[in-house]
Structures are given as C-alpha cells and as structure tokens.
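The values are calculated or read from the model by the stated rules, or taken from the named source; none is laboratory data. In this text, all values refer to a predicted model and were calculated from it rather than measured experimentally. Backbone-built Cβ (ideal geometry, glycine too); neighbour counts: all protein chains shown. Accessible surface areas use protein heavy atoms only, side chains included; no ligands, DNA or RNA. Shrake-Rupley method; radii C 1.70, N 1.55, O 1.52, S 1.80 Å.
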Amino acid sequence: MGTVSVVGAGYVGMVSAACLAERGHDVTVADKNTARIRLLGEGKVPFYEPGLDDLLERSRSRISFTVSTRNAVERSDLTFVSVSTPSRKDGAIDLSQIRSSVREIGRALRSKSQVKHLIVVRSTVVPGTTWHVIRPILERASGLRVGEGLSLAMQPEFLSQGNAIEDMLHPDRIVIGECDNEAGDRLETFYKEFHAGNAPPILRMNSTSAEVVKYAANAFLAMKVSFVNEIAGICERLEGVDVVRVAEAVGLDSRIGGRFLKAGVGFGGSCLPKDIRALDARAEELRFRSFLLPAILRVNDRQKRRVVQLARRLLGSLKGKRVALLGLSFKPDTDDMRGAPSVEIIGHLRRAGAKVVVYDPAAMQNARGLLGGKVSYAASLRECLRAADVCIVVTEWDEFKALSRDVLISEMNRPVLVDGRRMYDPEDFAGVAYAAIGLGPMSGMTCHIPCKERSIRQFTSRA
Ligand code: UDX
C-alpha cells in the first residue's frame, strides 16, 4: 500500500485519512491549524463523528500529523486536498484556502523528483475551479505541467455527517473528474484496490462535470427537503392531513424515493445551504438566472419562522414566555452548529420576546461559542423543560424520543409541545397542547381509516 497525504484536517480530511489508514495506507495529514494538529497527535478528535475516535485509535501507527504541507507532500505520491471552501458574504465561494494550499503543494513538488505526483481535489469547488484556477496555480508553483510531470483530478465527496465512515467505506458511487487521463486511471485503480473487488460504480468525466455533480446532488437533496416542507405547509391547513403519511406514500414511487422527504424545521449544516448559495452565485456569473435555487433557500428560511408560528398558535404571544428548545446541532449525531436551524429559530423567538433555554446532547459547547448569553443552558432534558411554557423540538436526537406526556406535564409550567422534526406520535400526547410541522388540524374530521393506525384524533388542550 502506498503512502498518501491529506491536506486539511477538517471533517472530510480526517474521515478520509482514518479510512485510508484502516485499509492499510500510510497517511500523513497536514493542517495549518497548530492546535488541531497537536490535539490529533494526542489522539483526540476535535469534532464529534460516531466511530471516528475508534477508527483513528486502531490505525494510529499508520497516521502521522504535521503542520507542514511540504513534509506531507514529500512523503507521498498521492495528495488529497480537503481544505474548507467557505462562503463569502455575498454567498459566492471563498477559494483563498484552496489557492494557498495548492500553491504550497506545487512548490513542494519542485524539489520532489520521484514518480508523477497525483493531486486529488476533494474540497467542494464551484464548476470550473479545478481546471481554470487550481491547475494554473499548481503548474506555476511546481514548474510542471498537468498530464506531463503532474496529475490532477477532482473527486467530489458525498460524506454525510454522522454517517461519514460508512459513506466513505461504502459509497453509492465514485465520481472521478480527471484533468489528465493518467489521473483517472490511477485513481480508478486506487479505489478498486480500496474497495477490494467490491467497488461501487466509478464514473469518469472531466473535472468541471465532477464539480457540477457535487453541487447538483446537494441541490437536489435540499430541493427534496424544501419540497416536502412546502407540502407540509399545505397539509397544516387541511383537516386530518399529515405530511408524514403523504411523504411516505409519495416516496414509495420508485421515481421519487422516500429519503430526504422528512418535513421539519429546514435543512442546515456546512454544505447544503452554502453550496446552494455558491451554485446560484456561479450560475449568475455564467449569466444564467436560476429560479429554483433561490426558491429552495426561501422555503428553508420560512421554515424556521413557521416553527415559531406554531408555538404562537398554541400559546398566543411569546412575550415573556419561557421556551425550552431541544436540539441545537443541525442534525443528530453531530456537535456541528454550522448552518444549524436552531440559531435562526432562537433569533426569531428572542425577537418575539421569549426567554430561551436550550439543551443538546452534544453541541452545548459549540453552541455557547455561538450563542453566548442570548440563551440559558440546561444540563439535561428535564432541566430544560422545567417551568417552560412551550417545548420546541428542533433536532431529532434519540435521547428526545423518551419525551413523554408525563414528563411534560410534571416538569413544564404548561404542557405545550411543538414537534419541529416529526418525532412523536400525537396520540401519545393526550392532555398536551401539541402542534407539529405538516400536521393538519385534527378536530371535526371523519376518520376514513382506523384511528389506532393513524394519528387522526382530537386532542384536548390545556394551554
Ligand atoms: C450533506 C450531503 O448529504 C452530503 O452528501 C454532502 O457531502 C454534504 O452535505 P450533511 O450536511 O452531513 O450532508 O447532512 P444531511 O444528512 O444531508 O442533512 C442536511 C440537512 O437536511 C440537515 O439539517 C437535516 O436535518 C435536513 N434534512 C435531511 C431534513 O430536514 N429532512 C430530510 O429528509 C433530510
């Protein structure tokens, strides 16, 4: 197994490095962040991803960490670049980190006279970047030409947080955007070995097409979420209609598929919102006006207001009310607060005059850095609920499944529940004022199907 380097010890870089080491490669990880490299050297992972600690521990002997990109490149023949590509204020992509990393890689290659080095861009970059921006920087810095002394490819990642190791080890497909034929051949062989005869479909194309694939995939996922949230808004206004039931039936159409059809408070995270903005900005640069991309974001923004409206519907004014907000991370099984809907929801609640108490099983520390004194922090689920006027569930953590009507009734000032993630069966909350995204009014409706089977029933509200 050859030696590989990974530049950028973020989420994608670390998951990739751990999986590569697990499959027998010697891996050198480089990152400019000294504190991060020190932590990783001590065996600590600076973010939460299920299974990553164990995987790194198992392959410790095969991974080394450095702050020097040059060292990492010199020790390897293949470099994966996974530095972050954040958004600028105007939504367009900020390529400054990838530009400087690639420049350094190029410079390191000047003094390296072994086999042709293969550089693989894993960072998400807008269409055209690898060919028109990265390639010229690399060629200038290295003095080599792509296809001659140097190989370059773009391979988008499709890792989903909380499931990233599984996604890396068993991807649906591998997309190779090659700038030169040899890059494609080498990477294809690399992944066939990595997957030991069990490789998923490998699709080869030019680098710009691969970049489009990444954005198109994320835009489609976000569109599904906004679509179901739009339908949820309609369902809420129709007696006896529940978006969960509707989405289940719609998703069983094999042309549509049931995944990413969970209505809720909207999508967040470090990728979907940022990537849609970046693609929209790139489309504009290319003089193409997208109608769909801005609409996906508008629906998503409204969703965070709608969950607050549901609380208002149950409680009346939120002024002076104590709101227990359950879940801060953008989705369960991560402590990541980037793009988390909770932040905007908290903003709306505070503007409405509410006092917000928050609890999250993993993201409390990150949330403190972001929210500071704007909210109070509870040490447990029960503490969060204590004396609250309404409970809003924002992230569907497993721990919250245990929430029962008895707990709500005993802990809260008044038992009022807004289910922002469709975690609960409304039937379990008799005696609680309950509202949920996508759940139409329950009263006066003739049940066409047995009530036990579906959640169409009248609830009594004590609020
Ligand atoms: C996403 C892509 O899935 C992944 O392929 C890409 O590489 C990076 O971006 P991630 O950001 O980890 O991954 O989260 P994802 O699981 O896609 O969820 C994104 C957001 O959508 C979350 O806030 C989630 O709660 C929300 N979501 C997802 C819904 O509201 N409903 C759904 O049905 C699915």
inquiry  = Can you give me the angle between helix 292-315 and the longest principal axis of the chain, using Cα atoms only, in degrees from 0 to 90, rounded to the nearest 10?
reply    = 30
inquiry  = Taking just the alpha-carbon atoms of the chain, what radius of gyration and Dmax come out, in angstrom?
reply    = 24.4, 79
key: Modelled FRET efficiency - R0 51 Å, Ser404 with Ser113, Cβ distances, 0.05 increments   = 0.15
query = What's the angle, to the nearest 10 degrees (0 to 90), between helix 272-285's Cα axis and the longest principal axis of the chain?
reply = 60
query = Name the residues of region 334-368 whose amide N is less than 20 Å from a point 7 angstrom out from the Cα of Arg382 along the C-beta direction?
reply = 357-362
task = State the Cα centre-to-centre distance between region 190-268 and region 154-185 in whole Å.
result = 18
message = So if I place +1 on the C-beta of Lys and Arg and -1 on the C-beta of Asp and Glu, and nothing else carries charge, what would the dipole magnitude of the chain be about its Cα centre? I want it in debye, nearest 20.
response = 1620
note = Projected onto the charge dipole of the chain (unit charges on the beta-carbon of Lys, Arg, Asp and Glu, signs +1, +1, -1, -1), the Cα from Ala263, Gly233, Ala9 with the largest positive-side position is that of Gly233
inquiry  = Could you tell me how far the Cα centroid of region 82-132 sits from the Cα centroid of region 289-322, in Å?
reply    = 37
remark   = Taking only the alpha-carbon atoms of region 4-209, the convex hull volume per residue, in cubic angstrom, is 115
ask   = What does the charge count near Lys112 come to, summing +1 for each Lys or Arg and -1 for each Asp or Glu among other residues with Cβ under 12 Å from its Cβ?
value = +3
task = Rounding to the nearest 20 debye, state how big the charge dipole of region 4-209 is about its Cα centre with +1 on each Lys and Arg Cβ and -1 on each Asp and Glu Cβ.
result = 780
query = What pairs from Lys331/Lys374; Lys44/Lys89; Lys32/Lys331 go past 24 Å between their alpha carbons?
reply = Lys44/Lys89; Lys32/Lys331
ask   = So for region 4-209, taking the charge dipole from beta-carbon charges (+1 Lys/Arg, -1 Asp/Glu), which of Thr79, Ala164, Leu203 sits furthest toward the positive end?
value = Thr79
inquiry  = Counting only protein heavy atoms and a 1.4 Å probe, tell me what percentage of the chain's accessible area is made up of carbon and sulfur.
reply    = 50
note = One checks the Cα atoms of region 297-457 and finds Rg and Dmax, in Å, of 15.3, 50
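Taking a ≥ b ≥ c as the square roots of the eigenvalues of the Cα gyration tensor of region 16-59, is the shape rounded (a/c under 1.5), prolate (a/b larger than b/c) or oblate?
The shape class here is oblate.
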request  = At a Cα cut-off below 24 Å, give the lysines reachable from Lys116, other chains included and same-chain residues fewer than 8 away excluded.
outcome  = Lys192
inquiry  = 7 Å from Cα along Cα→Cβ at both Ser100 and Leu292: what's the point-to-point distance in nm?
reply    = 3.7
request  = Whenever you get a sec, line up Leu408, Leu279 from highest to lowest accessible area (probe 1.4 Å, protein heavy atoms).
outcome  = Leu279, Leu408
request  = Over the chain, give the accessible area per residue in Å² for a 1.4 Å probe, as an integer.
outcome  = 44
